[in-house]
Amino acid sequence: MKIKNKGKWQESFYNIADNEKWLAYLILVPVVILIFFMAYFPAIQSFRFSLMYYNTRLPARAHFVGLNNYIKILKNPLFFEALKRTAYFVLIAVGTILCIALVFSLVLNENFKGRPILRALVMLAWAIPPVVNGFMWKWLLNGDFGFLNGILYQFGLISSYKPWLKDPFAALNWATLTFVWRFTPFVTILLLGALQSIPLELYDSAKVDGAGARSCLWYITLPLLRPMLTIALIIVMIFAFTVFDEIYTLTGLDPATKTLMMYDYELSFEKGRFGLGSALAYIIGIFMFLITYFYIKSIYKEVKH
Amino acid sequence: MIKGKRILLYLCIIIILGWSFIPLYWLILSSIIPQVDLYSIPPHWIPTRITLENFKSILITGKGFRGGIGTTATELIKKGLINSLIVAGTTTLIMAVTAPLVGYVFARLNFPGKNLFFFYIIGMIAVPSWPVLIGLFSEFSKLGLLDTLGGLIILSVAYRMPFDTWFMKGYLDSVPTELEDAARIDGCTLLGAMFKVILPLSLPGLMAVVIISFLFSWNMFMAPLILTYTLKSKPITVTISEFVGQYYAEWNLMSAGALVAIIPPILVALLFQKYIIKGIVGGAIK
């Protein structure tokens, strides 16, 4: 009724502002275009590269080669070594992060003085730029003057300073720790949120029935935490699989820590092999897609519960 | 039993404190004590002499580039800081406006193709970074967006979109509809109800979006590493990684530089941790 008194352009504005369909499209179209040019289009473009011989240093020689790049990558033993490293990295990171974060969140869920301060401190690691985190650990583990050497020497556990990142397997483990340190707070907060949504009455009635702290943890807390643990597990997998920043500063392109991500960086941007790099990128993408698929599926399953 | 539990709890608290703070303490310590104290074996764990020389030489006096290209440390850090502030600040502003709108569309409106649009936006999470970055590099070079702040801003806005949409939708789903129904009956348009009723109610959720967007774009590294190549647009994360390369033996200088880069995100995290916790927890469940 009111609308009739307004001018014509105002009326049409009101029509859009009040029509669910047009309002939705008006808001969504720019977003759709933006995402197309920032994600889907470049992804298609790089798929095209993956079917070409394309070296950015010899752009004139670019030509179509079909699936050759994929075959080349899959036949290369370097790929399998990188895959093994990545799998190890993800496995260790997921296990360690979930265990540590579970303990941290259970502690932070208790009542004690200074809990807000501790919670704030725990969160700090998450806010640090990953690339700086990598540098920080490089310095902590430094062989000449680093923290780890200093503290072990101080307590008489080593008699001379050691280069911790020199052994390839050790370097991979340290790289994993670097990621674990940054990512634990995120999972801690996720789990803490889930813990705090468990109704206290459950524990009260369990206590009335004579349940101890341990059986409370085992029969109430952990089962109710399961949905969030699943979600956390998959989030950690995705992020662990794609770690780049930390390794870039910690060990650079050292073969010891060359995960699939580092290998792809080397191929595409250090060597300019866009064709091979894109093919490898798509192989990584298939892994990522599978993980994400399970993520979205599991979220939907949990939401239904 | 109760006492034993208490002791265990405090033991855990000490371990958590150590785990979270010792690495940072080492970084702070290295930047404020003289190099002699730091490089003694073992180092001085507790600062006896405090010096701000490292910060001064990074932020004010500067030192030449070891490689001889002529960029001083001061330039690297200062330019990087400014670029990061511009990119992260603009991204945050844009997300503050768009995230509630897009979230609102999915939480409240019904229109044909809703699920399709939603999966189009959320599906972006599943598009892995390397294929995109390789494609973006050639796209950006054709569009003249390589090595520009604008390019970085567009990119980080696009990459916040799925998460922020997801989160705002979830948050708005939890806001009861009675109030807006009442507003609608009083003659408010859909958009009017959104701005007058829903937006104020979802302010805590919006804060979470804004803060996490800021941290995301401040901490971004892989994309700028590839898409920028001069100080005109390199953010602090990239300049720090170069800085680390050129002062390879001067750990105290590098620590000071690293601290400068982590102070803004850490301040934001400390000041707004309440919202961040909401954002992380809400984003994952909803």
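The values are calculated or read from the model by the stated rules, or taken from the named source; none is laboratory data. Keep in mind that this is a model prediction, so the values were computed, not measured. Neighbour counts run over all protein chains shown; Cβ positions are idealised from the backbone, glycine included.
Miscellaneous remarks
- Which numbered condition residue B:244 misses (of (1) within 9 Å of chain A (Cβ to nearest Cβ); (2) under 17 Å from the mean Cα position of the chain (by Cα); (3) at pLDDT below 85): (2)
Listed here are the residues, each with its yes/no results for (1) buried (at least 18 other Cβ atoms within 10 Å of the Cβ); (2) modelled with pLDDT under 90.
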position	(1), (2)
A:170	no, no
A:182	yes, no
A:202	no, yes
A:208	no, yes
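- Which numbered condition residue A:88 misses (of (1) more than 9 Å from chain B (Cβ to nearest Cβ); (2) within 30 Å of residue B:13 (Cβ to Cβ)): (2)
- Residues of segment B:120-131 that turn out to be in a loop (DSSP other than H, G, I, E, B) and either over 14 Å from residue A:34 (Cβ atoms) or hydroxyl-bearing (Ser, Thr, Tyr) (or both), as a count: 1
- Being free of Cβ contacts under 8 Å to residues at least 40 places away in the same chain and in contact with a Phe, Trp or Tyr (Cβ under 7 Å, 6 or more places away or on another chain) is a property that residue A:220 has.
- Residue A:146 farther than 20 Å from residue B:21 by Cα and either facing another protein chain (nearest Cβ under 10 Å) or without any contact (Cβ under 8 Å) to a residue 40 or more places away in the chain (or both): no
Conditions (1) in contact (Cβ under 8 Å) with a residue 40 or more places away in the chain; (2) part of a helix (DSSP H, G or I); (3) within 30 Å of residue A:142 (Cα to Cα); (4) in contact with a Lys or Arg (Cβ under 7 Å, 6 or more places away or on another chain), marked per residue:
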| site | (1), (2), (3), (4) |
| --- | --- |
| A:224 | no, yes, no, no |
| A:227 | yes, yes, no, no |
| A:230 | yes, yes, no, no |
| A:256 | yes, yes, yes, no |
| A:263 | yes, yes, yes, no |
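- When segment A:246-305 is filtered for residues that are more than 10 Å from chain B (Cβ to nearest Cβ), aliphatic (A, V, I, L, M) and within 24 Å of residue A:68 (Cα to Cα), the ones remaining, listed by number, are A:262, A:276.
- Segment A:149-201 - residue that is more than 12 Å from every other protein chain (Cβ to nearest Cβ) and in a loop (DSSP other than H, G, I, E, B) and, of those, nearest to the chain's Cα centre (by Cα): A:165
- Residue B:231 meets each of the listed conditions (1) surrounded by 24 or more Cβ atoms within 10 Å (Cβ to Cβ); (2) of a type in the set (A, V, I, L, M); (3) more than 10 Å from chain A (Cβ to nearest Cβ) apart from (1).
- Only residues that are within 8 Å of chain B (Cβ to nearest Cβ), in a helix (DSSP H, G or I) and surrounded by fewer than 18 Cβ atoms within 10 Å (Cβ to Cβ) were counted across segment A:101-116, and they come to 1.
Each row is one residue, and each column tells you yes or no for (1) surrounded by 13 or more Cβ atoms within 10 Å (Cβ to Cβ); (2) within 10 Å of chain A (Cβ to nearest Cβ); (3) under 22 Å from residue B:262 (Cα atoms).
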position	(1), (2), (3)
B:17	yes, yes, yes
B:20	yes, yes, yes
B:29	yes, yes, yes
B:41	no, yes, no
B:55	yes, no, yes
B:72	yes, no, yes
B:88	yes, no, yes
B:93	yes, no, yes
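- Taking segment A:267-305 as the range and being within 17 Å of residue B:138 (Cα to Cα) and among the charged types (D, E, K, R) as the test, the residues that pass are A:270, A:271, A:273.
- Screening segment B:1-113 for helices (runs of 4 or more DSSP H) wholly inside it with 1 or more residues that are among the hydroxyl-bearing types (Ser, Thr, Tyr) returns the ranges B:2-32, B:35-39, B:73-108.
- Criterion applied to B:116, B:81 was being closer than 28 Å to residue A:239 by Cα and under 19 Å from the mean Cα position of the chain (by Cα), and the one residue passing it is B:81.
- The set of residues in segment A:259-297 being under 17 Å from the mean Cα position of the chain (by Cα) and of a type outside the set (A, V, I, L, M) consists of A:259, A:285, A:287, A:289, A:292, A:293, A:294, A:295.
- Among the residues listed as B:89, B:68, B:18, the single one being out of contact with any helix residue (DSSP H, G or I) (no Cβ under 9 Å at 6 or more places or on another chain) and at pLDDT 90 or above: B:18
- Taken together, the criteria exclude residue A:123 from residues that are in a helix (DSSP H, G or I), facing another protein chain (nearest Cβ under 7 Å) and either without any contact (Cβ under 8 Å) to a residue 12 or more places away in the chain or more than 30 Å from residue B:2 (Cα to Cα) (or both).
- Neighbours by Cβ (under 9 Å, 6+ apart or cross-chain): first from segment A:58-77, within 13 Å of residue A:274 (Cα to Cα); second loosely packed, with under 10 Cβ neighbours inside 10 Å: none
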